[in-house]
Amino acid sequence: MDKEGKCISNTIINLENELRKNNAYALEEFWNKISKEGTPLIEDISDDDHVLVTFIYRAECPIKNVLLIASITSEEKDTKNLVMSNLLNTDLWYKTYKVRNDIYSFYYFMKDYPIDNPSESYDNSCIPDKYNDCKLIFNKDENNIYSEENIYSYFKAPKAEEFIWIKKRANALTGAFHEHSIYSDRLKEDIRIWVYLPYNYSNDREPYNLLTALDGWEFINNESMPISNILDNLLYNKKIPPTMAVLIDTDKGFEYRLEKLKCNDDFAFFIAEELMQWIRERYNVSKDKSKNIITGFSLGGLMSTYVAIKYPEIFENVLCQSGSFWSAPKIEDEDIITKELKNILPLKIYFNVGVLERKETMISINRKLESLLKEKSYDFYYEEFKGGHDYLCWGEKLAEGLIYLIGKTQ
């Protein structure tokens, strides 16, 4: 720690000392090493539960500043706290944190941010770490928020658990996706959906379990949470019964998500009535509520919980990830989710939140929900996973949630 209490990397200290000695080759040697070994820099400290992580950005031309946006910085509300330090007017910018040694975290850079005048126009592109091969790639899709390709970087701390369910396995039998568009009379718009059918799907067998997922485009196109791999693997390993899925596209911009996923009764009706009717007319899917699961993350997690609360006769199982319960509408000074769950509904619930998420708006509210469910004797499982409010852990935890909710007893 320095005099201001900031974490300092020994690697950066040593480099600075060499530069102050006018070592003309020190910076070039540093960049050569970084090119071979990659970033971020991870250094051990005298703490078995934490490591020192230093993020590095190399400026290709003179810039005013660089911001580091990462899961581990979620508590830093002041933009100035996100600004990286420049090393002695070189092309090297850095920022160091003491972090848990068992986490995953996404991150990216933003340069030339108008800190003193945020309304000023600037290049708001998300810049990935050029020295880190670990990337999250969001493909371009003109039909939703990804009108341009976005690339984030991520890092895995030394003791972070290995993910097993999201990885494609050579021996797993692969299911298939079918894209459709449904016109909703209630919403007065077309809704894009995808239907996942497991390998060897048949209309002549016992009806399939049904997983209904909000944020559908993400589950197909985000390599950290590929629902096809997850379901293929779970089915191949006989962890869940034969299950198909319907994925709903809700990624049409932040305002659209706020409108549709913030406990919207019309959108809930579309899911529970119009969409379910459409699915049941065309596919061999069970009408047994105990075999139906609804899931989503963030606002999608809030909405999936709300839909199950409104229609428990259709969805008995709720799989909510990093649910944004803080944004739930209030009735008489009590949010609608808490108010309804006090009625002891016939629901089975798996929900989680990341240890790196905001304590006040995310972790504390999810813990209060855990206390309520325990008090009312719900069948539920609550977990705080080793990550933040991002995609890195949601895929693996989706698999674990499905095993808890509908897993086959061996």
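The values are calculated or read from the model by the stated rules, or taken from the named source; none is laboratory data. Since this is a predicted model, take the numbers as computed values, not measurements. As a convention, Cβ positions derive from the backbone with ideal geometry for all residues, glycine included, and neighbour counts pool all protein chains shown.
For the stretch 358-393, a residue qualifies if it is surrounded by fewer than 18 Cβ atoms within 10 Å (Cβ to Cβ) and at pLDDT below 95, and the qualifying residues are R358, K359, E360, T361.
If you go through the stretch 238-260 and keep only what is without any contact (Cβ under 8 Å) to a residue 24 or more places away in the chain and either within 25 Å of P207 (Cβ to Cβ) or aromatic (F, W, Y) (or both), you end up with just Y256.
Scan the stretch 165-193 residue by residue and report those that are outside any strand (DSSP E or B) and more than 17 Å from the chain's Cα centre (by Cα). The answer is K168, R169, A170, N171, A172, L173, T174, G175, D185, R186, L187, K188.
Restricting the stretch 339-353 to residues that are among the β-branched types (V, I, T) and over 15 Å from K310 (Cβ atoms) leaves a set whose member that is modelled with the lowest pLDDT is I344.
For the stretch 211-246, taking the residues that are closer than 18 Å to G323 by Cα and aliphatic (A, V, I, L, M), the one that is nearest to the chain's Cα centre (by Cα) is identified as M225. Mind checking whether some residue in the stretch 378-387 is of a type in the set (D, E), over 28 Å from I103 (Cβ atoms), part of a strand (DSSP E or B) and more than 16 Å from the chain's Cα centre (by Cα)? Yes. Among residues that are crowded, with 19+ Cβ neighbours inside 10 Å, over 20 Å from N292 (Cα atoms) and acidic (D, E), E218 is included. When residues in the stretch 1-58 are screened for being farther than 24 Å from I103 by Cβ, assigned to a helix (DSSP H, G or I) and out of contact with any helix residue (DSSP H, G or I) (no Cβ under 7 Å at 6 or more places or on another chain), 12 of them pass. Run R205 past the list (1) in contact with a helix residue (DSSP H, G or I) (Cβ under 9 Å, 6 or more places away or on another chain); (2) farther than 17 Å from G401 by Cβ; (3) part of a loop (DSSP other than H, G, I, E, B); (4) among the basic types (K, R) and report the number of the one that doesn't hold. Failing condition for R205: (1). Between L319, L302, the distinction of being at pLDDT 95 or above and assigned to a helix (DSSP H, G or I) belongs to L302 only. Tell me, yes or no, whether the stretch 174-189 has at least one residue that is touching a strand residue (DSSP E or B) at 6+ places or on another chain (Cβ under 6 Å), under 23 Å from S298 (Cα atoms) and in contact (Cβ under 8 Å) with a residue 40 or more places away in the chain. For the stretch 174-189, residues touching a strand residue (DSSP E or B) at 6+ places or on another chain (Cβ under 6 Å), under 23 Å from S298 (Cα atoms) and in contact (Cβ under 8 Å) with a residue 40 or more places away in the chain: absent. Against the list (1) buried (at least 18 other Cβ atoms within 10 Å of the Cβ); (2) under 26 Å from F138 (Cα atoms); (3) in contact with a Lys or Arg (Cβ under 7 Å, 6 or more places away or on another chain), the condition A70 fails is (3).
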